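This report refers to the structure that appears directly beneath it.
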Amino acid sequence: YLRVSTEEQAEGHSLDAQRKLCTQLAATRGWQIVATYEDPGYSAKTEKRPAFQRLLADARAGNVDIILTHKLDRFSRSIFDIFRLLREFHEHGISYVSAAEQFDFTTPMGKVQLALWAAFAEWYIDNLSAETSKGKKERAMKGLWNGDVAFGYKRVPAGERVTGRVIYALEADEHDADGVRLAFELYASGQYNDREVAAELNRRGYLTANKTGRRPFSKDTVCAMLKNRFFLGEAKYKSDTAVGRHPALIDQETFDKAQAARARHRGRHNKAPITVTHTYKLSTL
């Protein structure tokens, strides 16, 4: 079983290196490789990996004697999943082997090694998540954006670091910025709901922008946009907010009117429906 976390790794040599080491170990042990399962661009934090699921299905069907990976973290980074699956494999008479770590889980020392490596695998993903969260908060506190560039803005080069990496800043994309202002003004008027604002934006040729490409607006994308304080010139991560380095596209008054209109819409939807009681002559039969 071969796995890499990103498409960039998949396009490099990581999968080939894993395959070579596993093949060499199988040859020295006299094992015949009957199937290879590859998951390029999938995290080991979850079992929801196509090739991994096929591997588990074959193992449960009795078609596997040994599961071989380059390292334990290629198999899984969840200590719970590792112990649960290895116990299931043991019940089916299936062995697991790590080519790089050379585990033998049939011995007491091998079981200790398994516990240590599984703990390190889970620690890595938890630590990575914590460091990513810390980095995102730090960016926000510096007034920078996280994730996709918001609709209405575009990235522009703002200088170069000593390392040669280009630094980017955000500035208004005049065409899309007009779409943001239009959406807020329509909704703030109280005469439009999210779906109607989306229809008007689409009618005028505006399209959302993110890593998946340009797509028509929906009521959900409009709702998220109209509640986003980023358009006020603020940078935010969770509950922490700072003054952003990007220009505001709308003013506070327009934003407040839009939120007030949303509150009125929500109030109308939350009213108890009027029920009409009918008497049916045969209801007791």
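The values are calculated or read from the model by the stated rules, or taken from the named source; none is laboratory data. This one's a predicted model, so the numbers in the text were calculated from it and none came from an experiment. FYI the Cβ positions are ideal-geometry reconstructions off the backbone, even for glycines, and counts take in every protein chain you see. Quick note on the areas: whole protein, heavy atoms, side chains included, nothing else; ligands and nucleic acids left out. Shrake-Rupley method; radii C 1.70, N 1.55, O 1.52, S 1.80 Å.
Observations on the model:
- Take the Cα of L182, step 7 Å toward its Cβ, do the same at N146, and the gap between the two points is 3.2 nm.
- Taking all protein chains as shown and a probe of 1.4 angstrom, W117 keeps an accessible surface of around 120 Å².
- On full extension, the segment bounded by R264 and A61 gains 67.3 nm, given 0.36 nm per residue less the C-alpha separation.
- Accessible area per residue for the chain is 63 Å², calculated with a 1.4 Å probe on protein heavy atoms, without ligands, DNA or RNA.
- Dipole of the chain, positive direction: furthest Cα of G147, Q191, A61, with charges on the beta-carbon: Q191
- In terms of accessible area, using a 1.4 Å probe and ignoring ligands and nucleic acids, S239, S189 rank largest first as S239, S189.
- Positive-end extreme of charge dipole, the chain - chosen from A261, V156, G93 (charges on Cβ): A261
- Gain upon complete extension [A224, T46; 0.36 nm per residue less C-alpha separation]: 61.3 nm
- Among 132-139, 35-42, 200-207, the peptide with the highest mean count of other Cβ atoms within 10 Å heads the list, and the full ranking is 35-42, 200-207, 132-139.
- Percent RCO, i.e. relative contact order, over the range 208-255, from Cα pairs under 8 Å lying at least 6 residues apart: 26 percent
- Between E171 and K71, residue separation times 0.36 nm minus the direct Cα-Cα distance comes to 31.5 nm.
- Whole-number percent relative contact order across the chain, with pairs defined as alpha carbons under 8 Å at least 6 apart: 13 percent
- Whole-Hz couplings from phi, Karplus 6.51/-1.76/1.60, listed for the range 71-84; x for Gly and Pro: 9, 4, 6, 6, 6, 6, 10, 9, 4, 5, 5, 4, 5, 5
- Members of K111/K136; K137/K257; K48/K211; K71/K142; K71/K211 lying beyond 27 Å, as alpha-carbon distances in this model show: K111/K136; K137/K257; K71/K142; K71/K211
- The modelled label-to-label distance for the pair L207/A17, using points 7 Å beyond Cα in the direction of Cβ, is 3.9 nm.
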